[in-house]
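J.: Below: one structure in structure tokens.
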Amino acid sequence: MSLASEPEVQLEYLEKMLEGREQGDTSDKMLNLHIELLCQLKDTKGPNGKRRRNNILQALQSNYYPQDACLEICKKYQIKEAWAYLERKRGGPAGMTQAINLQFEVKIKIYCFLGVSLDFRRVCSEMH
């Protein structure tokens, strides 16, 4: 039986496998699949009741994940917070500029969604 047709079950199984593993004990293919599934299911809630979108950036920040492959996955699914984080982590002027622009875009969308008036100095200070 293949779990490919059941992404939620596949993600739960994969997360159980990743639990308690040491960094370096897991293949890049498995880590890429984990990020891919989180991105695919970004708008669904996990077992903790939180949207899986929140888990993407947390996973990337707390563990080793192949940067280039995960960056492409995050771009594909437009996960801008994680995309900006990976661009920043990669360094270089082009990546840094893109990361700043993505962070700024995310902050603007949050403020607009919340109906908060935009104070650009405040937005910029929160990005640092």
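The values are calculated or read from the model by the stated rules, or taken from the named source; none is laboratory data. Predicted model only: the values in this text are computed from it and were never measured. Reconstructed Cβ throughout: ideal geometry from the backbone, glycine too, with neighbour counts over all protein chains shown.
J.: Checking Asp25 against (1) in a helix (DSSP H, G or I); (2) at pLDDT below 85; (3) charged (D, E, K, R), only one condition comes out false. Which one?
T.: So the condition that Asp25 fails would be (1).
J.: Let me ask another. Criterion first (in a loop (DSSP other than H, G, I, E, B) and at pLDDT 85 or above) does Tyr85 satisfy it?
T.: Numbers: in a loop (DSSP other than H, G, I, E, B): no; at pLDDT 85 or above: yes.
For Tyr85, the condition - in a loop (DSSP other than H, G, I, E, B) and at pLDDT 85 or above - is not met.
J.: A follow-up question, please. Inspect all residues belonging to segment 58-67 and state whether any of them is of a type in the set (Phe, Trp, Tyr), within 21 Å of Phe104 (Cα to Cα) and surrounded by 13 or more Cβ atoms within 10 Å (Cβ to Cβ).
T.: Checked segment 58-67: no residue is of a type in the set (Phe, Trp, Tyr), within 21 Å of Phe104 (Cα to Cα) and surrounded by 13 or more Cβ atoms within 10 Å (Cβ to Cβ).
J.: Pairs under 7 Å by beta carbon, first residue under 11 Å from Tyr77 (Cα atoms) in segment 37-49, partner basic (Lys, Arg) and assigned to a helix (DSSP H, G or I), six or more apart or different chains?
T.: Close Cβ pairs (under 7 Å, with a partner that is basic (Lys, Arg) and assigned to a helix (DSSP H, G or I)) amount to Lys42/Arg53.
J.: Would you mind stating whether Leu38 is of a type in the set (A, V, I, L, M), within 15 Å of the chain's Cα centre (by Cα) and surrounded by 17 or more Cβ atoms within 10 Å (Cβ to Cβ)?
T.: Working: of a type in the set (A, V, I, L, M): yes; within 15 Å of the chain's Cα centre (by Cα): yes; surrounded by 17 or more Cβ atoms within 10 Å (Cβ to Cβ): yes.
Yes, satisfied.
J.: Just to verify a result, which residue in segment 47-70, among those that are farther than 19 Å from Glu22 by Cα and part of a loop (DSSP other than H, G, I, E, B), is modelled with the highest pLDDT?
T.: Within segment 47-70, the match that is modelled with the highest pLDDT is Arg52.
J.: Another one. I need a count of the residues in segment 10-22 that are surrounded by fewer than 16 Cβ atoms within 10 Å (Cβ to Cβ), part of a helix (DSSP H, G or I) and acidic (Asp, Glu). It would help to see each step written out before you state the result.
T.: Taking segment 10-22 as the starting set, the residues that turn out to be surrounded by fewer than 16 Cβ atoms within 10 Å (Cβ to Cβ) are 12-13, 16-22.
Add one more test, that the residue is part of a helix (DSSP H, G or I), and what stays is 12-13, 16-18.
From the residues that got through so far, the ones that are acidic (Asp, Glu) too are 12.
Of the residues in segment 10-22, 1 are surrounded by fewer than 16 Cβ atoms within 10 Å (Cβ to Cβ), part of a helix (DSSP H, G or I) and acidic (Asp, Glu).
J.: Which of the residues belonging to segment 40-92 are touching a Gly at 6+ places or on another chain (Cβ under 6 Å) and within 15 Å of Gln103 (Cα to Cα)?
T.: Glu87
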